[in-house]
Amino acid sequence: MNKSVRKAVIAGNWKMNMTPSEAEKLVNELKPMVEGKNGCDIVVCVPFVDIATVVNAVKGTNVKVGAQNVHFKKNGAYTGEISADMLKECGVEYVVIGHSERRQYFGETDETVNLRLKAALDAGITPILCVGEVLTEREQDVTAEVVARQTKIALLDVDADAVKNVIIAYEPVWAIGTGKTATSDQADEVCGIIRDVLAAKYGKDVAEAVTIQYGGSMKPDNAAELLSKYHVDGGLIGGASLKAADFTAIVDAAQ
Ligand code: PEP
């Protein structure tokens, strides 16, 4: 199989950074720097309050907009929550689901991840499903079991046609925001394990078509090596996505 059947996706996760005016400045700086770089899809996943500003700023460019979470109910008495239809109408094309910070600080479970993922798919938004082990799990050598469980539960009741519209981000929790990066071999191995889980459920052809990113301190100086690996189809980038030059360098590594 040839890795080039899959489109690489470089997605920035701005987390809780950037007011709307700061967001506009960053994205206006980024746009000309990534213009014409069509070897990968380029996404910025921004705070909810920045969505309208950023969607407007990137109109007609190759930069797409994502959100960082979505609620699983269509509407109703869920104070403070945002539905998939709301995101869609605002021009959101991607949404991060099950990020480790949401699992760790906000009680996100594999089950609610599954509900959110299906809500996104139903609304025509591409979920970026995050899976990954914490440090103790890696030390106990249960990484494969952890990511397999997270992936299987997240994809419950998702059929083969729908899963082709899902991006999976392997994000070892010990590498997020820590400056510690998985080696390219570790990243490739676990992305391959995730692909095996997909193959067991949906067949090899479907599994080969799914984009699997690596995330965890991806930076200009390690991106090319990570992205060169067979199973690594892009990156989910936190810290380095807040600087236009660094994010562009990672986009360049994916061309
Ligand atoms: C992330 O937030 O998903 C992430 C990978 O962050 P960082 O690149 O800062 O480790």
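The values are calculated or read from the model by the stated rules, or taken from the named source; none is laboratory data. Owing to the predicted nature of the structure, the values given are computational and were not obtained by experimental measurement. Neighbour counts are summed over all protein chains in view; Cβ atoms, including those assigned to glycine, are modelled from backbone coordinates with ideal geometry. Protein only, heavy atoms only, side chains kept; ligands, DNA and RNA dropped before computing areas. Shrake-Rupley method; radii C 1.70, N 1.55, O 1.52, S 1.80 Å.
Restricting to Cα atoms and excluding each atom paired with itself, what does the Kirkwood estimate give for region 1-148 in Å? Kirkwood hydrodynamic radius for region 1-148: 16.6 Å. Taking the empirical scaling 2.2 N^0.38 Å for compact globular proteins as reference, the chain has a Cα radius of gyration ratio of 0.93. Solvent-accessible surface of the chain, taken per residue with a 1.4 Å probe and all protein chains present: 44 Å².
Structure note, pairs 152/229; 3/152; 59/152; 118/204; 15/37: Cα-Cα distances above 28 angstrom occur for 59/152. The percentage of C-alpha pairs in region 96-152 whose separation is greater than 12 Å is 66%. Using bins of 10 Å that start at zero, the share of Cα-Cα pairs per bin across region 125-255 amounts to 13, 46, 32, 9, 0, in whole %. The share of accessible area on region 9-253 that comes from carbon and sulfur is 52 percent, using a 1.4 angstrom probe. Only Cα pairs under 8 Å and 6+ residues apart enter the sum, and on that basis the relative contact order of region 9-253 stands at 20 percent. Legend: P(r) of region 72-189 from all alpha carbon pair distances, 5 Å bins from 0, whole percents, reading 2, 11, 20, 22, 19, 13, 8, 4, 1, 0. In a DSSP loop and with at most 16 other Cβ atoms within 10 Å, the trypsin sites (Lys or Arg not before Pro) in region 144-242 are 164, 180.
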